[in-house]
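Heads up, the thing below is written out as structure tokens.
The values are calculated or read from the model by the stated rules, or taken from the named source; none is laboratory data. As the structure is a computational prediction, the values presented were derived from the model and not from experiment. Cβ coordinates were reconstructed from backbone atoms using ideal geometry, including for glycine residues, and neighbour counts include every protein chain displayed. Quick note on the areas: whole protein, heavy atoms, side chains included, nothing else; ligands and nucleic acids left out. Shrake-Rupley method; radii C 1.70, N 1.55, O 1.52, S 1.80 Å.
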Protein chains: 2
Amino acid sequence: MRRYSPVPFNEVNVEGNFWRERLHTVLTRTIPSQYRQLESHGLLESLKVPQPPPPLRIPRSRHNFTTQIFWDSDVGKWIEAASYALSHRRDATIEAEIDEITEWLAKAQLPDGYLNCWYIGREVDKRWTNLRDNHELYCAGHMLEGAIAYFRATGRRRLLDIMEKYVDHIATVFGPGPDQKHGYPGHQEIELALIKLYHLTGDKRRLDLAAYFINERGRQPHYFEAEAEARNEGPNDFWQKTFEYNQSHKPVREQDKVVGHAVRAMYMYTAMADLAADLGDPALKRACEVLWEDATARRMYVTAGLGPAAANEGFTTDYDLPNDTAYAETCASVALIFWAQRMLNLDLDGKYADALELALYNGALSGLSRDGEHYFYQNPLESDGTHTRWEWHPCPCCTMNVSRLVASVGGYFYSAGPNEIAVHLYGGASTTVDVGGNKVGLREESNYPWSGAIRIQVDPEAPADFTLKLRIPGWARHATLKLNGETVDVGANSKDGYVAIRRTWSKGDAVALDLPMPVERIYAHPNVRADIGRVCLKRGPFVYCAEQADNTVPVPRVRLPRNAGVEAVEKGDLFDGVVTLVASGRAARIDDWDDHLYRPDPPLDEPAKWTAIPYFLWNNREPGSMMVWIPEA
Amino acid sequence: MRRYSPVPFNEVNVEGNFWRERLHTVLTRTIPSQYRQLESHGLLESLKVPQPPPPLRIPRSRHNFTTQIFWDSDVGKWIEAASYALSHRRDATIEAEIDEITEWLAKAQLPDGYLNCWYIGREVDKRWTNLRDNHELYCAGHMLEGAIAYFRATGRRRLLDIMEKYVDHIATVFGPGPDQKHGYPGHQEIELALIKLYHLTGDKRRLDLAAYFINERGRQPHYFEAEAEARNEGPNDFWQKTFEYNQSHKPVREQDKVVGHAVRAMYMYTAMADLAADLGDPALKRACEVLWEDATARRMYVTAGLGPAAANEGFTTDYDLPNDTAYAETCASVALIFWAQRMLNLDLDGKYADALELALYNGALSGLSRDGEHYFYQNPLESDGTHTRWEWHPCPCCTMNVSRLVASVGGYFYSAGPNEIAVHLYGGASTTVDVGGNKVGLREESNYPWSGAIRIQVDPEAPADFTLKLRIPGWARHATLKLNGETVDVGANSKDGYVAIRRTWSKGDAVALDLPMPVERIYAHPNVRADIGRVCLKRGPFVYCAEQADNTVPVPRVRLPRNAGVEAVEKGDLFDGVVTLVASGRAARIDDWDDHLYRPDPPLDEPAKWTAIPYFLWNNREPGSMMVWIPEA
């Protein structure tokens, strides 16, 4: 059912300025510094069982459980990110680090294959007794993804062997058999990893186990209730109160609302879309489509942030999208990219690529600082200046999620379909795609996302008849296209957000796609109470925000009347080059308020020029106020 | 330093419709039903030590401690409210209930006077080891207030004797002596009770103990740190992280920002204002004035709700006043009334009466349902319909706070000063005030707060020269005044929000005060981000809200352009008579949005009539959306 295959990142050469710089930062700074953080905060030490895990070295968050319980996953995710770096360029230091971790894991692994360092080091007799809260399968999934990535990057399979042995063990513990547990992860993730393992090895048992976890989820009698009872806990003792939290409130095919913990939801939907493709399961695909519609039509920030609430790190009610308290976890936007990619490769519908791009350039990328060593866990759309990036977190999940994303960003640019090549993202990337045995070189050059002038050179080994599909982003109007200098009618040749050029391609064929990038005002659905009377500025794929560092007028006071002019202004000296937006807007006056907090006279405002920058860049200078949704008056 | 004395509620006959009805409900329904709730939820049982407290019968809140730890206080507060009811009309059933509780307490009290049922029933050896969290002094304060009220209402002093014995014990435990603890309550409250006890008995040791608690607070070395250390806890283990939470971050006279838990803050400021008066302490008075300014100029909702955040049940940053997540605990607005009354009686500055009235008719009264048996703990200014009143709460503090307030509301109407009588509130109330030995009858008649036409008859026993001061509310413009039919110039005779009539008064003198009550639009300071582009409707002392039950257009979509008309419409059949506001406004359209969540085209709206009701009345019908701050466009 998956008609398109993404061209993997290690076959794509990212050459454009925007991503080259970010890749460089992640490869040279983020990944090494993350290793140091894992080391200094005890996460590496925690793998050296049998000793119990070291104490927490930063104040714990207010979870009901210690974050140490998912440290295996953070190390696994770092191995994955680091392995993506190795795919770009081998590095003996990193490889030695991963090999050392591998030996700790080899030593920790129990004879039956079980390998969760927290349980082994603390209370191994309690393993598999609290799938709902205690993250064993989640940890296994991330470590497995790390092992797969390391094997792909280096060909070394010791870690992969260890993890396959663990997966074999998991497959004996869980399943439909009378002596097996009919359980599934409280935090979905292993499903994705198992599907990747299936794609690597072709071993269908891995796919079946992933499908088992997905199919069993939410069935009655409810596994988490039975499990709680076995722990002598009451059925109402669940600290999150509802199984919507982990999307096990009903069978997945019956789910039609995006609920609960946002990252768990996104990982699950990703796995569902994968399984829909790999198993040809139309009911799963349909469920994904319904959930997608719910997410994007009622529950997504304009930045592609997901999950407004801190209480469940997730979803609340339709249109509940507060700006300053937005949780919008970096991980959730990263995981939305995973899901969108799976959906996109089912049918090549540009709406999925639009969300993928939106998340990539906004809600996900905002999680990583320019210096590559500071992070956002939450990504609010408005701040009084107290929300700042941190170097590390009691729950460091987002750090490695964003590094593994950037390190593999090339994998989101192209797909190969049946006698088709599809280009989803622009920004300077070249690749070679096999089309019916014919190797087709593609070199896309542009200064995207800052400019929409895109040039693509198509170089088949030999002349070949195939379709080149170029994404016309949902935000782009009046796109123009030329093939070897001749105009192609974009409208007439477009479907679902892609313009198709079918012809016999020859070496040197030149495509010129122009996506005008005017400044756009965006409005939210009137049901979004937080955005009433407000407007958001966008240009190309970027959502913009007013940040205090660029402005003399206090940001909370900036206003943008509907008739105010806004100009795109390139600033070469800011963040190594960025297009800012300069508004000839207004600013609220406070000088006439004395000490009144409320009064019968309406507030006054005055003319004010103010500047906005792409949202993902905020809080890379001194702390200060920030606002995405600007009051019109 | 206190120049005015409030006329106590039991000397004021509340006759006007508005308060008479609410009083009737509280006396006949609220107080009896609260007894039943205390009984059925185990709070009464918990007093029957030595057995340990019964299990919680409703799910516990997410506190770090069991709410049982402050159950003594809830019973004490109910005794206070019930005793206020007895002051209106004696009731053998209620008195028997209180007498029975008294005997349980007598049995529980330890020989040395100690009387906290939770500690006695569970771990009496740990008493006085965690003042920061465990509410012993808070409980003592509320039970003492109950005992004082019961003695005042009935003359029975057994409970008062018990509590005085406990106070004697507390005075041996706490104080400056080398063998005494230099501690103070984590939750302020006992200070108020001790001052009331001093006012009752004249025993200055009670005042001194209150002053000790206030003066010791926030000094270095910090008592709560030393106490935590003695419990083998680290100095950073405090679950609230900062001593701002309980206003012990610095000595009280140095405090200039309203911070932390809102109820604790308000109780403390109330005690500070009392002590400023009783001890003639200008530094305490000055601190109160600075804190008052901070609270009302930067940190108060338009409803007089206080404390936006659930995390600390309290204050955050200046102008941070979100509407839908507003915590605005009922108790905090009730306690603001206490504080405002103390401040008002220092200097008779109408700004304190304005806040008192605002809290009374809005943020506090909203906490109690029309049927008198349902409550709000939090009082948000916007709701999607999921916020509803409850019958009982794991932490039932607000229930008895609002019942004791209403049961004693007459006490806020009048003050006697040096040859002066001041009238603060209107609404139909009569009293007799002693002015230099001359008994002056006052009968105020009006349909306030629905109408501003106020008639006051002044009846001195014998003709007497004194000043009658009538409050001109801050919201009132163009007030007119007539004395025996002759116009008095309000402006020329006004100061600090009171118009003064000094003359020789004779029986039958008639004052007619007219306070026009047009519909008012109120705007928030531009720094209040939540209210940008929004307007609030007021009429008289009432803040209005649009509630779904009155409207066909969905409330989140109502709009009020600046030029829209709003009319006051009396509805006799709604809530036994209420003035509604009917706006010829607009409503956002959503029919042209399809499934888009964001779009470049601005939202459209269309004409719509919609209705607003006084805020305090919301959620007395079916659940539905509610909005105080209405978008202008």
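In summary, strands (runs of 3 or more DSSP E) completely within region A:525-601 and bearing 1 or more residues that are more than 22 Å from B:Val535 (Cβ to Cβ) and more than 13 Å from every other protein chain (Cβ to nearest Cβ) occur at A:542-547, A:565-571, A:578-588. Counting the residues of region B:1-45 that are assigned to a helix (DSSP H, G or I), more than 30 Å from B:Thr67 (Cα to Cα), in contact with a helix residue (DSSP H, G or I) (Cβ under 8 Å, 6 or more places away or on another chain) and open to solvent by less than 60 Å² (accessible area, probe 1.4 Å) gives 2. Contact map, region A:39-52: residues that are closer than 18 Å to A:Trp78 by Cβ paired with residues that are in a helix (DSSP H, G or I) and acidic (Asp, Glu), Cβ distance under 6 Å, separation 6+ or inter-chain. Pairs shown: A:Leu43/A:Asp74.
Here is the figure for region B:602-628: residues that are within 24 Å of the chain's Cα centre (by Cα), within 12 Å of chain A (Cβ to nearest Cβ) and assigned to a strand (DSSP E or B) total 2.
Please specify each residue of region B:85-107 satisfying the condition of being under 23 Å from B:Cys398 (Cβ atoms) and open to solvent by 30 Å² or more (accessible area, probe 1.4 Å). Of everything in region B:85-107, those that are under 23 Å from B:Cys398 (Cβ atoms) and open to solvent by 30 Å² or more (accessible area, probe 1.4 Å) turn out to be B:Ser87, B:His88, B:Glu97.
Just checking: which of the helices (runs of 4 or more DSSP H) contained wholly in region A:145-259 hold 3 or more residues that are open to solvent by 60 Å² or more (accessible area, probe 1.4 Å)? The helices (runs of 4 or more DSSP H) meeting that bar are A:158-173, A:204-216, A:223-230.
Candidates B:Thr296, B:Thr317: the one that is among the polar types (S, T, N, Q) and either part of a strand (DSSP E or B) or in contact (Cβ under 8 Å) with a residue 24 or more places away in the chain (or both) is B:Thr296. Residues that are closer than 23 Å to A:Gln37 by Cβ and in a helix (DSSP H, G or I) do occur in region A:128-139. Across region B:116-127, the qualifying residues are those that are open to solvent by less than 10 Å² (accessible area, probe 1.4 Å) and without any contact (Cβ under 8 Å) to a residue 60 or more places away in the chain, and the one among them that is farthest from B:Leu159 (Cα to Cα) is B:Tyr119.
The rows are residues; the columns are (1) closer than 29 Å to B:Arg562 by Cα; (2) surrounded by 14 or more Cβ atoms within 10 Å (Cβ to Cβ).
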site: A:Gly577; (1), (2): no, yes
site: A:Gly585; (1), (2): yes, yes
site: A:Asp592; (1), (2): yes, no
site: A:Leu597; (1), (2): yes, yes
site: A:Asp601; (1), (2): yes, no
site: A:Thr611; (1), (2): yes, yes
site: A:Leu617; (1), (2): no, yes
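Per the conditions (1) within 20 Å of A:His525 (Cβ to Cβ); (2) more than 14 Å from chain B (Cβ to nearest Cβ); (3) crowded, with 24+ Cβ neighbours inside 10 Å, the sole criterion not satisfied by A:Tyr301 is (2).
Within region B:243-254, can one find any residue that is within 14 Å of another protein chain (Cβ to nearest Cβ) and at pLDDT 95 or above? No. Just to be sure before I move on: is A:Asp274 under 21 Å from the mean Cα position of the chain (by Cα), more than 12 Å from chain B (Cβ to nearest Cβ) and in a helix (DSSP H, G or I) in the structure I sent? Answer is yes for this residue. It is to be established whether one or more residues within region B:326-337 are over 23 Å from A:Thr316 (Cβ atoms), of a type outside the set (Asp, Glu) and open to solvent by 20 Å² or more (accessible area, probe 1.4 Å). No, the conditions are met nowhere in region B:326-337. Residues that are over 25 Å from A:Pro526 (Cβ atoms), crowded, with 17+ Cβ neighbours inside 10 Å and among the aliphatic types (A, V, I, L, M) do not occur anywhere in region B:546-564.
Look through region A:378-435, keep the residues that are within 21 Å of A:Gly452 (Cβ to Cβ) and of a type in the set (A, V, I, L, M), and return whichever of them is surrounded by the most Cβ atoms within 10 Å (Cβ to Cβ). Checked region A:378-435; the qualifying residue surrounded by the most Cβ atoms within 10 Å (Cβ to Cβ) is A:Ala429. Looking at B:Asp347, B:Asp354, B:Asp320, B:Asp324, just one residue is within 14 Å of chain A (Cβ to nearest Cβ), farther than 30 Å from A:Asp531 by Cβ and more than 13 Å from the chain's Cα centre (by Cα), and that residue is B:Asp354.
Filtered by the rule that a residue be surrounded by fewer than 17 Cβ atoms within 10 Å (Cβ to Cβ) and either within 28 Å of the chain's Cα centre (by Cα) or in contact (Cβ under 8 Å) with a residue 40 or more places away in the chain (or both), region B:463-499 gives B:Pro463, B:Asp465, B:Gly474, B:Arg477, B:Lys495, B:Asp496. Filtering region B:304-314 to residues that are part of a loop (DSSP other than H, G, I, E, B) and either open to solvent by 20 Å² or more (accessible area, probe 1.4 Å) or away from chain A (no Cβ under 13 Å) (or both) leaves B:Gly307, B:Ala310, B:Ala311, B:Asn312, B:Glu313.
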